[in-house]
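Trainee: Please see the structure below; I have some questions.
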Amino acid sequence: SKLAALFEHPLYNIPIPEVTEKDKLFIVNPMEKFSLRSSGSDEWVSSSKAETLLPTGKTAYDTYPTWLKFHVGINRYELYPRRDSLLPTLLRDLATQRIISSVQKSGGTQLKLIMTFPNYGQALFKPMKQTRDQETPVDFFYFSDFERHNAEIAAFHLDRILDFRRIPPVSGRLVNVTKEIRDITTDKKLAKTFFISPAGNVCFYGECSYYCSTEHALCGKPDRLEGSMAALLPDKTLAKRRSWRSPWRRSYHKSKKAEWELNPNYCAQVRETPPYDRGHRLLNLIDMTILDFLMGNMDRHHYETFEKFGNDTFLLHLDNGRGFGTHSRDEPSILAPLQQCCSIKKSTYLRLQLLATQPYRLSDLLREALAADPLAPVLAEPHLRALDRRLGKVLAAVGHCLAR
């Protein structure tokens, strides 16, 4: 396994700083237990309703469902640890747990569903809109592109291979549109949009600002539909997040250009503007830029951080559905922050160099990681090969900076 060898490499074993109580997103009450509601049930209740005592030697934490352990483990430095024993279980839960509720997520330009499991865990479901080998047409603007379910899955694994670990876990899943959405939804607006197509397939389109109409309906075959299931982050009422507008945001206009596209010295003013004037914020943003360039994502207008950790924390790399749309061409403008600022974390640069070597080739690692997903193959081969080409371009950009 190249992946196992990668995670054993010294560059993937650089310790994070010591995590103190104030560096944890949540302080856990060690007495709060979760217990199965009844034998053979997969529903959980809090200790206030628990009927049974814990088996000898077990802590309250051991009774938590996996999604809650994931939330409890978030800290200032990482969304989940490198050697996370929870990860395989969490991914399996996302792919297999019984769905007891499906409702449409409000906001956004495209249809997304919030799905709930019996243990109160929740996932964000993005349905399949394109086949693996469809490329975004050359005449499409980035803001009119579809969101791709397989891009969400691949982005999570790529982010982990780069050792950022800033994307919540995502698994592919085949969903039964009839039994796991239509028949159980309490969302009246969503329910009204179901119909049977002329081909006899179960379809729905939901309500949203762009792609929610009968022309853009999502159809099962006849009722089986692929999608990505992303673990949800803690509710914002429990862990506030702050949304930041990216300084390298695109204009989202057919003809207007953004300031960074016109001013080659744009980075100088960003460096003087909080929060980019101190700490690792700018370097973290350049990490995100490299992730986006590798997958061809032009749609990074905002990013989020956990408010509790202030400026000294990682950026959450959420919403990656517009990645992996093209493999035959690269978008050099995504790398503008790296090229204009000529800054990169030393650890990131060393890992990128490692991923360009034969034993740890990036495309091989991502192919291996994605092979375990229920929807494998997640990416068409040309997308995997494009990663190696783009990695070469990132390293060349750093080379130009070093030469300057």
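Trainee: Calculate for the chain the 222 nm mean residue ellipticity that helices alone would give, adding -39,500 (n - 2.57) per DSSP H run of length 4 or more and normalising by residue count, nearest 500 deg cm²/dmol.
Mentor: -8500 deg cm²/dmol
Trainee: Please work out the average accessible area per residue across the range 78-135, using the 1.4 Å probe convention, and give it in Å².
Mentor: Using a 1.4 Å probe on heavy atoms only, each residue of the range 78-135 averages 41 Å².
Trainee: Let me ask something else about it. Please sort through the DSSP H helices of the chain and keep those with an alpha-carbon extent of at least 20 Å along the long axis and a Kyte-Doolittle average not below -0.5.
Mentor: Sorted by number, the helices that extend far enough and score high enough are 281-295, 381-403.
Trainee: Distance between the C-alpha centers of the range 319-335 and the range 289-308? Whole Å please.
Mentor: What the calculation gives is 12 Å, centre to centre.
Trainee: So which aspartates and glutamates pass the test for Lys22, namely a Cα distance under 18 Å, with those fewer than 8 places away in the same chain ruled out?
Mentor: Straight-line reach from Lys22, under 18 Å: Glu78, Glu307, Asp312.
Trainee: Moving on to the next point. If you place +1 on the Cβ of every Lys and Arg and -1 on the Cβ of every Asp and Glu, how big does the dipole about the Cα centre of the range 241-403 come out, in debye to the nearest 20?
Mentor: The dipole of the range 241-403 has a size of about 300 debye.
Trainee: Next question, about the same structure. Considering the chain as a Gaussian network with a 10 Å cut-off on Cα pairs, which listed residue, Glu272, Glu147, Glu135, attains the greatest mean-square fluctuation?
Mentor: Top of the fluctuation ranking is Glu272.
Trainee: Summing Lys, Arg as +1 and Asp, Glu as -1, what charge do residues with Cβ under 10 Å from the Cβ of Arg173 carry, Arg173 excluded?
Mentor: -3
Trainee: Could you look at the chain and say what percent of its accessible area is carbon and sulfur, using a 1.4 Å probe and all protein chains?
Mentor: 54 percent
The values are calculated or read from the model by the stated rules, or taken from the named source; none is laboratory data. Just so it is clear, the model here is predicted, and its values are computed rather than measured. Counting neighbours? That spans all protein chains shown, and the Cβs are built from the backbone with ideal geometry, glycine included. In case anyone asks, the SASA skips ligands and DNA or RNA and just uses the protein heavy atoms, side chains included. Shrake-Rupley method; radii C 1.70, N 1.55, O 1.52, S 1.80 Å.
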